[in-house]
1. Can we say residue 219 is touching a strand residue (DSSP E or B) at 6+ places or on another chain (Cβ under 8 Å), touching a residue at least 40 places away in the same chain (Cβ under 8 Å) and surrounded by fewer than 21 Cβ atoms within 10 Å (Cβ to Cβ)?
2. Among the numbered criteria (1) within 16 Å of residue 249 (Cα to Cα); (2) at pLDDT below 90, which one does residue 353 miss?
3. Taking segment 280-308, which residues are in a loop (DSSP other than H, G, I, E, B) and at pLDDT 90 or above?
4. Please return the ranges of helices (runs of 4 or more DSSP H) entirely within segment 92-210 where 3 or more residues are closer than 18 Å to residue 66 by Cβ.
5. If I ask for residues that are over 20 Å from residue 228 (Cα atoms) and either at pLDDT 90 or above or touching a helix residue (DSSP H, G or I) at 6+ places or on another chain (Cβ under 8 Å) (or both), which ones from segment 330-343 would you list?
6. Quick one: residue 303 ticks every box in (1) touching a helix residue (DSSP H, G or I) at 6+ places or on another chain (Cβ under 7 Å); (2) within 19 Å of residue 342 (Cβ to Cβ) except a single one, so which number is it?
7. Can you name the number of the only condition in (1) in contact (Cβ under 8 Å) with a residue 60 or more places away in the chain; (2) more than 17 Å from residue 246 (Cβ to Cβ); (3) surrounded by fewer than 21 Cβ atoms within 10 Å (Cβ to Cβ) that residue 352 fails?
8. I'd like to know if segment 221-235 contains one or more residues that are part of a helix (DSSP H, G or I) and closer than 30 Å to residue 364 by Cβ.
């Protein structure tokens, strides 16, 4: 989509934005911020132990989640940074038992690395408290975790930063508001620049950071539309379907891999798969890529839950980000989903590619599945009587093309349209997420 918005377009969009729809999310964000300040007060950072900071510790601290876990998974309304690699935390404990450190810390023992990292966080907080924002740029280690650092600064100093953290998104929004972004600027500097532009524009007079963030993502979302639709089986022969349906999630196995966020590439995940389940190299690489695709699903992405090769249990819309549930009995890799069981049906012919847990779904097939309404509690398509049921515009266009030409070619990104404003937009993180 285009980001050089005309002045009248931006002004009109801002004027039409219903700020009252953000009230609920603002209250939730304020509660999350109070939780961070209570568990990790600024004056406690200088003495914070590594066990209270890092992701991936063998046993979670008895006094609550670590700082990194709370910031990534426990504060979505502050602007989520969920998903993607755990490398954004600068140092973390890998499932292999090793500590993974950002480049400036490599070669150090974990406690030595933590003292350096903690010291730079403390200096950043002190600099911002004193209004010396330029001093943060000189803290080299923090540059290796820009989304975590920017969210931390926005959490402790919301008057100085917006709840937007992905560097690319910040640059796009700066351009949108008539500024000139610096491509090499750290995310926190771009965040400050965007805030200056927001404050200079009369249409945003009196707006909170939450209102600005949600408006920008609703009307000018910088992320390309994810085209892939995934079929994901809820256990063998769909045996976990009721649990997934009732819990509004989709679950997959391979629990021994641990949190998928710790893997920085498909190659690294393939190595972990091969170590636990030796198989052909091509097969494990394909599985690694599909597990990472599962991890990186975004709110608004569409999936199909199946049983076998010819039964659709439901279609779903992702409404949150991946999480790992180490205390769950099995199938600990989880993505939140809003399910639509009205699309449950038997297909006219088996889909042989559906024998595995993950498979890509052709957009034309998905359109046909989505159009095949069924009576409640049934598993086969039922004839529809009464007034026509309107279909989503994108599905209607695919079906029309199929009727006219017998085939349809789908390509290219499209803008993601997110219904409603009461659920937070996906988080701008290194992986480009918001709640």
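The values are calculated or read from the model by the stated rules, or taken from the named source; none is laboratory data. Predicted, not measured: the structure shown is a model, and the values here were computed from it. All Cβ positions, glycine included, derive from the backbone under ideal geometry; neighbour counts span all protein chains shown.
1. Against the criterion (touching a strand residue (DSSP E or B) at 6+ places or on another chain (Cβ under 8 Å), touching a residue at least 40 places away in the same chain (Cβ under 8 Å) and surrounded by fewer than 21 Cβ atoms within 10 Å (Cβ to Cβ)), residue 219 does not qualify.
2. (1)
3. 308 - this is the single residue of segment 280-308 that is in a loop (DSSP other than H, G, I, E, B) and at pLDDT 90 or above.
4. In segment 92-210, the matching helices (runs of 4 or more DSSP H) lie at 110-129, 146-156.
5. 330, 331, 332, 341, listed by residue number.
6. Residue 303 satisfies all of (1) touching a helix residue (DSSP H, G or I) at 6+ places or on another chain (Cβ under 7 Å); (2) within 19 Å of residue 342 (Cβ to Cβ) except (1).
7. (1)
8. Scanning segment 221-235, I find no residue that is part of a helix (DSSP H, G or I) and closer than 30 Å to residue 364 by Cβ, so the answer is no.
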